[in-house]
Each structure stands twice: as C-alpha cells, then as structure tokens.
Amino acid sequence: RIFGSKGSHQQMVEANERVAEVLDSIHQKKRGVPLMAVHAAKEVLLEALRAFQPCFLVVDALDECESQDRLDLVNVFLDAAAAVSSGVKIFCSSRNIPDLELVLGRTRISTVSEIQIVPEDIEHDIEAMIEGNIQNSPFILEFLDGVSSDFRDHVVGSLTRGAQGMFLLPKLMVSSLEKKAATSSTDEILEFLQDLPLGLYDYYLSILKRTDKRW
C-alpha cells in the first residue's frame, strides 16, 4: 500500500500496472502456496519492489514481533536491500533488542545505518504534547490558574520527566492528573507527582490497583 499527500493512499497495483503483472505471474507459479510461507511472501515482496521504484518501505515497532518472526522479517529486508540495490529504502523502528543488534551487526550490507533516539532528543516534543493536553483539560487549567507559575512549571516538568521518552505515558498521566485536579489540594497534587510510576508497565499496574475489584 502506498500513501500520498493529505492522507490519501492506494494499492501499489493501482499506481503501477507492472506490479499487477508481476504478482499475477507469481500467483500462477505459486498456486496453492500460502503467502504466510516466508519464502513465498519474500518472493512477492522482492518482485513488487523491483517493479515499483523508487520505493520507501516503512515498518514500525519491530520489537513487538515474536523473536523468530522479527529475525525472519529483518533477514527478508536485508535480502531485499541486497537484491534491489537501487531505488529502494527501508526504514524500521524498534527499541534496542539484542537479537536485532546482533543480526544487523553481522550484515555485510554497507548501507545499513542506525539512528539512535534517546529521551533527551524528544523531550521538547513530549513537553509540548503535555502542554497541549493540559490546555484541553478545563479541570487542570482551573487548578493551575490558582497556583504560581513555578508550581505550573513543576507540574509540566514532573510529567515530562516521568514520560521517560514515551508519548503514551504522559497522556495517561495527564488523564489521571485531570481527575485529581477536580478535587485535590496543592499538597495532594505534589504527592501525586512524586509518586508517578517509573514506567508504562508500572503505570498500568497502578491503574489496576486503583480500579474497583468488582471490575
């Protein structure tokens, strides 16, 4: 599937008839072979990439795949990069996973590059998102109107640090803060900020602990 401007998208075969011809030929040869088979899916991918150039292949969250599936997928991409040497760029995102580092470290493909992103790189973006979420919360805005600017900075700073480089976590934190701001004092808000969970797993766990056991 390819994506165009303003969110428009279409199947590759709609944009390039050559892709349809290639896939039809493969389909005739592979009749009865499921595309779930890695070797069959790999052949389809390679031929589609050759037929449709230039092409960007974007895969998000490789770390969410099972270990063997992840390695199979990366090896398919590496083979594709070697087989289709021009006109194709592959971008994959993942947390630091030892098996990925190992397989990428062993590749002989010189054009493999690693871009590391650390929390400090996106701290400004997370802070801006938190500010935006606060602006959309009447309860938090009303609470912050009655406190000093230093206290407001402390609230935003605590949520930003608590995010630990994740965008989902501060969104959950602001949601919890919104419930607190409607009924809590300044001291209670400070206590809430001091007790922020240290990670997404711990935050989900804290939500479960606060949930009525009947639910």
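The values are calculated or read from the model by the stated rules, or taken from the named source; none is laboratory data. These numbers were taken from a predicted model, which means no experiment stands behind them. Here Cβ is always computed from backbone atoms with ideal geometry, including for glycine, and neighbour counts include all displayed protein chains. These accessible areas exclude ligands, DNA and RNA; they are computed on the full protein's heavy atoms, side chains included. Shrake-Rupley method; radii C 1.70, N 1.55, O 1.52, S 1.80 Å.
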Yes or no: the range 109-127 includes at least one residue that is acidic (Asp, Glu), open to solvent by less than 100 Å² (accessible area, probe 1.4 Å), in a helix (DSSP H, G or I) and modelled with pLDDT of 90 or more. yes
Is there a residue being in a helix (DSSP H, G or I), open to solvent by less than 70 Å² (accessible area, probe 1.4 Å), in contact with a Ser or Thr (Cβ under 6 Å, 6 or more places away or on another chain) and closer than 26 Å to Ala51 by Cβ anywhere in the range 70-79? yes
Does Val103 satisfy the condition of being open to solvent by less than 40 Å² (accessible area, probe 1.4 Å), in contact (Cβ under 8 Å) with a residue 24 or more places away in the chain and under 23 Å from Asp187 (Cβ atoms)? no
Evaluate the range 132-152: report whether one residue or more is exposed (fewer than 10 other Cβ atoms within 10 Å of the Cβ), β-branched (Val, Ile, Thr) and part of a loop (DSSP other than H, G, I, E, B). no
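Can you tell me which residue is farthest from Gln53 (Cα to Cα) among those in the range 82-100 that are open to solvent by 40 Å² or more (accessible area, probe 1.4 Å) and of a type in the set (A, V, I, L, M, F, W, C)?
If we take residues in the range 82-100 being open to solvent by 40 Å² or more (accessible area, probe 1.4 Å) and of a type in the set (A, V, I, L, M, F, W, C), then Cys92 is farthest from Gln53 (Cα to Cα).
Residue-wise test of (1) in contact (Cβ under 8 Å) with a residue 40 or more places away in the chain; (2) under 30 Å from Val174 (Cβ atoms).
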| site | (1), (2) |
| --- | --- |
| Phe52 | yes, no |
| Ser86 | no, no |
| Ser113 | no, no |
| Glu120 | no, yes |
| Ala128 | no, yes |
| Glu142 | no, yes |
Being in contact (Cβ under 8 Å) with a residue 40 or more places away in the chain, in contact with a helix residue (DSSP H, G or I) (Cβ under 6 Å, 6 or more places away or on another chain) and of a type in the set (S, T, N, Q) is the requirement here; does Ser94 meet it? no
Being open to solvent by 70 Å² or more (accessible area, probe 1.4 Å), under 23 Å from Ser148 (Cβ atoms), assigned to a helix (DSSP H, G or I) and not charged (D, E, K, R) is the filter here; which residues of the range 162-215 pass it? Gln194
